[in-house]
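Working notes, structure below.
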Amino acid sequence: MTESRHTAVVGLQWGDEGKGKIVDILARDHDYTVRYNGGANAGHTVVIGAERYALHLIPSGIMHPGKVCVVGNGVVVDPHQVIKERDALVTRGIDVSPRRLRLSDRAHVVMPWHKTLDAALENLLSTGQSNAAGADHSIGTTRRGIGPAYADKITRASALRLGDLCDRDHLASRLEVITHIKNAQLLAFDPDHQPFDLEALNAEYARLGDELRPHICDTTYLLHEAMAEGKRLLFEGANACLLDVDHGTFPYVTSSNCSALGIPAGTGVPGRNIREVIGIMKAYTTRVGAGPFPTELKNEIGNRIRERGREYGTTTGRPRRCGWLDLVAVRYSAMLTGATQLAVMLFDVLAGLDELRVCTAYRLRDGSVTQRFLPDAHRLEAAEPVYETLPGFGAEITAARSHDDLPREARAYLKRIEEYVGVKVGIVSVGPERGQTVVRG
Ligand code: IMP
């Protein structure tokens, strides 16, 4: 068997950990960058010099000339979004030719009704009409149609895959059935629903198919052939472990397997082929959307973290909820995803605070204390964080380039993370630029 030299980059919290920056750095040493889950709900920011690139569907590796980017079968693809992103990159001089951007013929298509249904369900849940108490039960989705698209994948009869767009007759026959089903479903939701027009959809999706056809292929064979040739693959997780549909804070999660567990199913590459799993975490915690967040800070410190960390969503622009580092959550995610090293991101944001807190256990309603994460929203809502306090570091650390450049208190904070999680911190990020990174041997 060929030696496995493949790497995965996975978020260990509730997303937005800074995976884009690490993928961008690692992409240099890999030949392929592969997305395996999620869709345009993800937002990966890459900063190169004065330029800032926000990517949603196209893997961050696209910034490296000559590298191949693959959107695997586990991703849900909005064709309009992928074309928009591709064309915006091309305008800025980046090569996004079909040779460089490969899309799985088995990736499911996000259709207009998925976005309509996503928004309709969220509206229904947020207005309190769904329950006698009038409570808001919305998930706070990105409204990109992610959940409804994955639901159709499981339902099967009403799903469309990218490969279906490449054959006009086949597309027309699929769309006829699916549009009928979707119009009926939407009418049940909203009696004023304007039915989707089959003819217009046929024309639109045939055109999108023509445009994307050169990029679409069987990416499972593509990846296996690449591995057989000795090429190195880098798997880029979207969203993050605590948003994993099976292992996250259900139901306040996204609809895919975002941990490294999603790689085999979402790409066709067996898990044993992946040697290194880099768990990406912020030096603190953030969350967008609803759901339990035991260490959330609804105070000055939370606001300070939000402003210093520019904690506003790449995809939706929403302000992110901010809080202390939850080590219970990180240890759980590292275990689940098989992290072989940690990358601690946005460490510079914590500079200037007198003291830093880290959550090392939860106290439950019955008074008991646990060090286990509770991957269920209802149970986690009842958890109170138990904190350990560590000294803060006053000085800015954005110029640090080696571990020894960091103040003693900052090094102690990293050491505590390593001790608690049981995984070494291999990378520390002290600013958004590629160069503002401490790599430990
Ligand atoms: P959906 O993925 O749009 O269905 O949203 C479900 C939940 O996951 C919401 O709370 C979103 O805010 C959250 N979410 C989805 N993708 C990301 C991400 O990339 N970063 C952070 N949160 C995300």
- What residues have an amide H closer than 5 Å to that of Cys69, excluding those fewer than 5 places away on the same chain, when H is modeled at 1.01 Å from N in the peptide plane? Thr33, Leu101, Arg102
- Query: Compactness ratio of the chain: Cα Rg over 2.2 N^0.38 Å, N = residue count?
  - Reply: 0.99
- Task: Write down the percent of antiparallel bridges among all DSSP beta bridges whose residues are both part of the chain, to the nearest 5.
- Result: 40
- Message: If you fit an axis through the alpha-carbon atoms of helix 168-189 and take the longest principal axis of the Cα set of the chain, what angle between them do you get, 0 to 90°, nearest 10?
- Response: 70
- Message: Helix-only mean residue ellipticity at 222 nm, the chain, DSSP H runs n ≥ 4 weighted -39,500 (n - 2.57), per residue, nearest 500. What is it?
- Response: -9500 deg cm²/dmol
- Here Rg/Rh (Cα, Kirkwood) for segment 290-362 equals 0.97
- Note on the structure: Compactness summary of segment 108-212: radius of gyration and Dmax from Cα atoms, Å, are 15.1, 50
- Note on the structure: Short to long, in 5 Å steps from zero, the percent of alpha-carbon pairs of segment 281-439 per bin is 2, 9, 18, 22, 21, 17, 8, 3, 1, 0
- Order by protection proxy (mean Cβ within 10 Å, highest first), peptides 198-205, 30-37: 30-37, 198-205
- Query: Expressed in nm², what is the orientationally averaged projection area of the convex hull enclosing the Cα positions of segment 41-157?
  - Reply: 9.1
- So for segment 225-274, taking the charge dipole from beta-carbon charges (+1 Lys/Arg, -1 Asp/Glu), which of Gly262, Ala226, Leu243 sits furthest toward the positive end? Ala226
- Message: Just to confirm my numbers, what's the Cα centroid distance between segment 244-318 and segment 179-225 in Å?
- Response: 29
- With θ set to phi - 60°, apply the Karplus curve 6.51 cos²θ - 1.76 cosθ + 1.60 along segment 279-295 and write out the HN-Hα couplings as whole Hz, x wherever there is a Gly or Pro. x, 9, 9, 7, 6, 9, 10, 9, 8, 10, x, 7, x, x, 7, x, 9
- Query: With +1 on each Lys and Arg Cβ and -1 on each Asp and Glu Cβ, how big is the dipole of the chain about its Cα centre, in debye rounded to the nearest 20?
  - Reply: 820
- Task: Assign unit charges at the C-beta atoms only (+1 for Lys and Arg, -1 for Asp and Glu), then state the dipole size of segment 108-212 relative to its Cα centre in Debye, rounded to the nearest 20.
- Result: 340
- Fluctuation leader among Thr370, Thr295, Thr219 - the chain, Gaussian network, Cα springs under 10 angstrom: Thr370
- Task: Could you work out the per residue convex hull volume over the alpha carbons of segment 196-309, in cubic angstrom?
- Result: 206
- In whole angstrom, note down how far apart the Cα centers of segment 109-162 and segment 392-441 are. 40
- Projected-area average for segment 169-245 over all orientations - Cα convex hull basis, square nanometres: 8.8
- Note on the structure: As straight-line cross-link partners of Lys19, the qualifying lysines (C-alpha separation under 29 Å, not fewer than 8 residues apart within one chain) are Lys67, Lys84, Lys115, Lys153, Lys231, Lys282, Lys298, Lys415, Lys424
- Query: Taking K and R as +1 and D and E as -1, what net charge do the other residues with C-beta under 15 Å from the C-beta of His247 add up to?
  - Reply: 0
- Give the carbon-plus-sulfur fraction of the accessible surface of the chain in %, rounded to a whole number; probe 1.4 Å, heavy atoms of protein chains only. 51
- Message: At 1.4 Å probe size, put Lys115, Lys282, Lys84, Lys298 in order of accessible surface, largest to smallest.
- Response: Lys298, Lys84, Lys115, Lys282
- Item | Cα gyration tensor shape of segment 263-306, rounded if a/c is under 1.5, else prolate or oblate by comparing a/b with b/c | prolate
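The values are calculated or read from the model by the stated rules, or taken from the named source; none is laboratory data. Since the structure is predicted, the reported quantities are computational estimates derived from the model, not experimental observations. Cβ atoms come from the backbone with ideal geometry, glycine included; neighbour counts cover every protein chain shown. Calculation scope for accessible area: heavy atoms of the full protein, side chains included, ligands and nucleic acids excluded. Shrake-Rupley method; radii C 1.70, N 1.55, O 1.52, S 1.80 Å.
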